[in-house]
Amino acid sequence: MKQDVAELCAQLIRFDTTNFGEGNSRGERDAADFIWGLLHQAGYDPVLLGPDAQRSSVVVRVPGTDRSLPGLLVHAHLDVVPAEPEQWSFDPFAGIIKDGYVYGRGASDMKDMVAMTLATLLDWASAGTKPRRDIVVAFVADEEDKGDYGALWLVAEHPELFVGVEAAIGESGGAATILTGADGSPVHLYPVAVGERGTLHIRVRANGTSGHGSRPVETNAVKVLISALDRVGNYHWPLTLTPIVRDYMERTTAALGFAADLTDEEGVQAAIEAMGSAGAVAAVTVRSSSTPTVLRAGYKVNVIPGVAEADIDIRALPGMVEETLATIDGLLGAGISREFLSFQPPTSSSSDSHWFAAMTAALTRHDPAAVVVPYCMGGGTDAKAFAPLGISCYGFSPMGADPEGRSSAGVHGIDERVPVASLVAGQLILEDFLGAV
Ligand SMILES: [Zn+2]
C-alpha cells in the first residue's frame with residue numbers, strides 16, 4: 001500500500017515545531033516521536049536523540065544490498081520559522097489539503113521533504129524494498145536557527161551515525177521551474193544545489209569616549225560605528241563568477257536559447273534578466289554581500305555611550321572567505337573590533353560526480369524534457385554542518401511541476417503552501433533516486 005504523501009505532510013504540519021531562535025522552540029520532540037513511532041512500527045531501527053528532552057532529531061540507517069558502497073545521507077529539518085496567524089488566511093498549523101495544495105507553515109520549508117522521505121521509507125518497508133547502498137536519514141531539529149541543537153550537535157556528538165557516508169542530499173534544489181525559452185517554448189529547468197555561500201555573522205564594536213551629550217567628544221562610539229556601517233552596508237561587492245555560478249548561468253541561458261556574454265557586469269545583468277525567475281538566485285551569487293542587521297548603543301539621550309555595537313550578516317562565495325574578510329576589515333577601518341557570532345564556511349561539491357548524474361537520471365526518467373543544472377545557494381542549510389565530515393552535499397528535494405501551474409509559495413512568509421501534484425511527483429523522483437543511486 002502506497003503512502004499518501006500529502007496527508008503525511010499535513011499531519012507533520014499539525015505539529016507546531018516553531019523555532020524562535022536563541023535556544024527557544026516548541027514541538028520538535030512531538031514531531032520526532034511521531035516519526036520515530038512510524039519508523040519503528042515499520043520495522044526500522046530509528047534512534048531519537050538530542051542535547052535535551054525537547055530538541056530531538058531522529059536518525060535511521062537503512063542497510064543497502066551492497067554494503068561495500070559508500071553511504072548516502074538524506075537530511076531534512078523538523079522545525080519551522082514562526083508564523084503570525086493574524087496575517088494568514090487560515091490557521092498555519094491546521095494542515096489543510098484543499099484546491100490542490102497542502103497548506104501550512106512548513107509546507108514547503110521543509111515538511112514536504114520530510115513527508116516525501118518518510119513516505120519512501122514506509123513504502124520500502126511494506127514492499128520489502130532495499131536500496132543498493134546504505135541510506136542514512138536524519139530528521140533534525142534547529143535548522144532555522146544555528147543548528148546547535150540539531151545538525152551541528154549530531155555531527156559533534158554522534159559522528160558514528162554518519163560513518164561511511166560520502167554524499168548527502170537536503171534542502172533546496174531539484175524542483176521543477178518552468179521557464180519560457182527565447183522561441184516561446186517551455187523549458188523545464190531543475191536546478192540542483194552543489195554549493196552554498198558561506199555564512200559569516202560578525203559582531204563589531206566601536207569604543208569611544210563617554211561623556212555629557214552637550215559636550216561633543218573627539219571619538220563618539222556611535223559616530224564611529226555609523227560611519228563604518230555605512231561603508232560596509234553600501235559597499236558594491238565586485239562581480240565574481242565562481243565556476244558553479246558560471247556553469248549555472250551558461251547552462252541555463254543555453255537551455256533557454258539566449259546567447260550570454262558573461263565577460264562584464266552588463267552582460268551578466270542581461271543574462272540574469274533573460275533567465276526569468278531562475279535569475280534571482282544568480283543575482284545573489286555573483287558576488288559576496290554584507291548587510292548590517294542589528295544596532296546597539298546608548299541608554300539616555302544626554303549621555304554619550306562609550307561603546308556601540310552592531311551585527312553584520314556577511315555571505316562569502318565559495319573560495320572567497322579570506323578575501324571577503326580582508327575587504328570587511330578594510331571597510332570597518334581603525335577603531336572597530338570584530339568577533340564571529342557564527343562562522344560557517346561555504347560549501348561546494350562536484351557536478352561532475354556519480355551523485356549528480358544519478359539525480360539527473362532520476363529527474364529525467366520522470367520528466368524527459370528535464371534540464372538539470374548545478375547552482376550555488378545564496379543562503380545556507382544544514383549542509384554546512386555535514387560538509388566538514390567530508391560529505392559532498394547537494395541541495396536535492398525534488399518537486400514535480402503541477403500540471404495546472406500551481407507552485408509552492410510563502411516560505412518564511414504568509415499562506416505557505418505546496419501543490420499536492422508536485423509533492424506526489426517529488427516523492428516518486430526521490431524514491432527512484434534513493435533506490436537507484
Ligand atoms: Zn528550511
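The values are calculated or read from the model by the stated rules, or taken from the named source; none is laboratory data. Values in this document were obtained by computation on a predicted structure and should not be read as measured data. Here the Cβ positions follow ideal geometry from the backbone for every residue, glycine too, while neighbour counts run over all protein chains shown.
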Examine region 214-237 for a residue that is in contact (Cβ under 8 Å) with a residue 40 or more places away in the chain, of a type outside the set (Phe, Trp, Tyr) and under 30 Å from residue 133 (Cβ atoms), and state whether such a residue exists. no
Do we find a residue being within 16 Å of the ligand (Cβ to nearest atom) and among the hydroxyl-bearing types (Ser, Thr, Tyr) anywhere in region 174-195?
no
All conditions in (1) of a type outside the set (Asp, Glu); (2) within 25 Å of residue 256 (Cβ to Cβ); (3) touching a Gly at 6+ places or on another chain (Cβ under 6 Å) are true of residue 345 except (2)
Taking region 408-422 and keeping only residues that are of a type in the set (A, V, I, L, M) and touching a strand residue (DSSP E or B) at 6+ places or on another chain (Cβ under 9 Å), one is left with 409, 418, 420
> Among the residues of region 120-139, is there at least one that is free of Cβ contacts under 8 Å to residues at least 40 places away in the same chain and in a helix (DSSP H, G or I)?
Replying inline: yes
Within region 51-101, the residues that are out of contact with any strand residue (DSSP E or B) (no Cβ under 8 Å at 6 or more places or on another chain) and either without any contact (Cβ under 8 Å) to a residue 60 or more places away in the chain or not in a loop (DSSP other than H, G, I, E, B) (or both) are 53, 68, 85, 86, 87, 91, 98, 99
Residues of region 266-280 being over 10 Å from residue 249 (Cβ atoms) and touching a residue at least 24 places away in the same chain (Cβ under 8 Å), in sequence order, are 276, 277
Just one listed residue, out of 425, 387, is among the small types (Gly, Ala, Ser) and either outside the structural domain of residue 95 (by TED's automatic domain parsing) or under 19 Å from residue 115 (Cβ atoms) (or both), and it is 425
Just one listed residue, out of 334, 358, is of a type in the set (A, V, I, L, M) and farther than 30 Å from residue 434 by Cα, and it is 334
Picking from 241, 256, 295, the residue that is in the same structural domain as residue 323 (by TED's automatic domain parsing) and over 25 Å from residue 316 (Cβ atoms) would be 256
Among the residues of region 327-373, the number that are touching a residue at least 24 places away in the same chain (Cβ under 8 Å) and either aliphatic (A, V, I, L, M) or assigned to a loop (DSSP other than H, G, I, E, B) (or both) is 24
Those helices (runs of 4 or more DSSP H) completely within region 215-305 that have 1 or more residues that are more than 23 Å from the chain's Cα centre (by Cα) are 221-233, 243-256, 265-274
How many residues of region 151-172 are within 16 Å of the ligand (Cβ to nearest atom) and either more than 13 Å from residue 75 (Cβ to Cβ) or surrounded by fewer than 18 Cβ atoms within 10 Å (Cβ to Cβ) (or both)? The answer is 0
